[in-house]
Amino acid sequence: MLNSTLVFIFTMLFQSSILVAKENATSEYTSKYPYIFHLVQKELWEKTLANKSTYYPPTYTQDKFTHATANPDFLLIIGNHFYKDVVGDWLCLRMSVDTLQATGVKTIFEGTEPVGDKQPDFPGTDSELFPHILGGISPSAVMQVHTVARASDGTFLSVSDIIDGE
């Protein structure tokens, strides 16, 4: 009985420390980077708006969350690593932890994860935490929509009002 009680107490303390660490990571990142950005295919976002629904990325079922970045310096790197071969126009959604939370969606900051089957082996992947949105994106969570410029070969070049290309 004593052993099982000690195991229970240890488990609860361990889980609590993980929760506190994740909350501290969120607080650290939101003070440094107040916004969360998500690259989205324009066609899918427009369909979401027309249907008055919530947006879920194509890999949501597999990944179990919506990928994002808080550091805008990673937007072009991420776009070119994961989505260069995806044809079509793209947008960038600007949100915050608070606007997402207002729609009932929690955001946690963690290390990189694959997007679908594509591994996150891009430069800087091990030096940054990324916001993982534990749900879809409601249009009411979006503070601003930015246009994304791409080259004819699919290279992501810039995001209006956020980052200029090289």
Once Lys and Arg are counted +1 and Asp and Glu -1 for all other residues with Cβ under 14 Å from that of TYR35, the total becomes -1
What dipole magnitude, in Debye to the nearest 20, does the stretch 34-159 give about its Cα centre under +1 on Lys/Arg Cβ and -1 on Asp/Glu Cβ? 460
Histogram of C-alpha separations across the stretch 34-159, 10 Å bin width, %: 13, 48, 35, 3
My understanding is that a pair violates if its Cα-Cα distance is over 22 Å; which of LYS64/LYS106; LYS42/LYS106; LYS32/LYS52 do that in this structure? LYS42/LYS106; LYS32/LYS52
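Bear in mind these aren't lab numbers, they're just calculated from the coordinates by the rules spelled out. Since the structure is predicted, the reported quantities are computational estimates derived from the model, not experimental observations. Don't worry about glycine lacking a Cβ; one is built from the backbone with ideal geometry, like all the others, and counts go over all protein chains shown.
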